[in-house]
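Chemist: Please find one structure pasted underneath; my questions will follow.
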Amino acid sequence: VATSEQQRSYKKYIELVVVADYIMFRKYDRNSTAIKTRIYEIVNTLNLIYTVLNIHIALVCIEIWSKGDLINVQSVVDVTLNSFGEWRQRDLLNRKNHDNAQLLT
């Protein structure tokens, strides 16, 4: 059994996938490099925040929907969230191991 001091010293990892939808792709003038740069900035900021908790956010995949959305993205957040969750279960988890996925729209 680890002491509380030892438990605090264990680094925890969260494997993250970030998906940029077609709206985001168009917002960034169809520039995938600019989207990736923004995602790297976000993840770096997350790591600065979570480092005090000894948690590292590992960006394991960036997916950019450059040919259209793979889910039903709507202004109704619940619909989009449910659609994204279903797509993640059905598709993304079969292709890439990860702990968390975020949709940027």
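Chemist: Looking only at residues that are at negative phi and of a type in the set (Gly, Ala, Ser) in region 46-105, which one is farthest from the chain's Cα centre (by Cα)?
Modeler: Ser75
Chemist: Do we find that Arg30 is exposed (fewer than 14 other Cβ atoms within 10 Å of the Cβ) and at positive phi in this structure?
Modeler: Here the answer is yes, as Arg30 does meet what is asked.
Chemist: Hey, another quick one. Of all residues being assigned to a helix (DSSP H, G or I) and touching a residue at least 24 places away in the same chain (Cβ under 8 Å) in region 68-87, which is nearest to Val19 (Cα to Cα)? Just the residue, please. Full working, then the answer.
Modeler: Step one: of region 68-87, the residues assigned to a helix (DSSP H, G or I) are 77-87.
In the following step, the residues that additionally are touching a residue at least 24 places away in the same chain (Cβ under 8 Å) were identified as 80, 84.
Working: Thr80: 13, Phe84: 10 Å.
Among those that are assigned to a helix (DSSP H, G or I) and touching a residue at least 24 places away in the same chain (Cβ under 8 Å), it is Phe84.
Chemist: Criterion first (within 23 Å of Lys12 (Cα to Cα) and either touching a residue at least 40 places away in the same chain (Cβ under 8 Å) or in a helix (DSSP H, G or I) (or both)) does Ile35 satisfy it? It would help to see each step written out before you state the result.
Modeler: Details: within 23 Å of Lys12 (Cα to Cα): no; either touching a residue at least 40 places away in the same chain (Cβ under 8 Å) or in a helix (DSSP H, G or I) (or both): yes.
Answer is no for this residue.
Chemist: Considering only residues that are surrounded by 12 or more Cβ atoms within 10 Å (Cβ to Cβ), out of contact with any Ser or Thr (no Cβ under 6 Å at 6 or more places or on another chain) and not aliphatic (A, V, I, L, M), which ones fall in region 72-99?
Modeler: Thr80, Asn82, Ser83, Phe84, Gly85, Glu86, Trp87, Arg88, Asp91, Lys96, His98, Asp99
Chemist: Right, another one. What number of residues within region 50-71 satisfy the criterion of being surrounded by 12 or more Cβ atoms within 10 Å (Cβ to Cβ) and either over 30 Å from Ser9 (Cβ atoms) or among the charged types (D, E, K, R) (or both)?
Modeler: So the first thing to find is which residues in region 50-71 are surrounded by 12 or more Cβ atoms within 10 Å (Cβ to Cβ), and the list is 50-51, 54-66, 69-71.
Checking the rest, the ones that are also either over 30 Å from Ser9 (Cβ atoms) or among the charged types (D, E, K, R) (or both) come to 62-66, 69-71.
The number of residues fulfilling the criteria is 8.
Chemist: Determine which single condition Glu41 fails, assuming it passes every other condition in (1) more than 30 Å from Tyr10 (Cβ to Cβ); (2) part of a helix (DSSP H, G or I); (3) of a type in the set (D, E, K, R).
Modeler: Here Glu41 clears every test but (1).
Chemist: Based on this model, can you work out whether Gln102 counts as touching a residue at least 60 places away in the same chain (Cβ under 8 Å) and either touching a Ser or Thr at 6+ places or on another chain (Cβ under 8 Å) or in a strand (DSSP E or B) (or both)?
Modeler: Numbers: touching a residue at least 60 places away in the same chain (Cβ under 8 Å): yes; either touching a Ser or Thr at 6+ places or on another chain (Cβ under 8 Å) or in a strand (DSSP E or B) (or both): yes.
Yes: the conditions hold for Gln102.
None of the figures in this text is laboratory data; all of them are computed from the coordinates on show. These numbers come from a predicted model, not from an experiment. We place every Cβ from the backbone using ideal geometry, glycine too, and count neighbours over all the protein chains shown.
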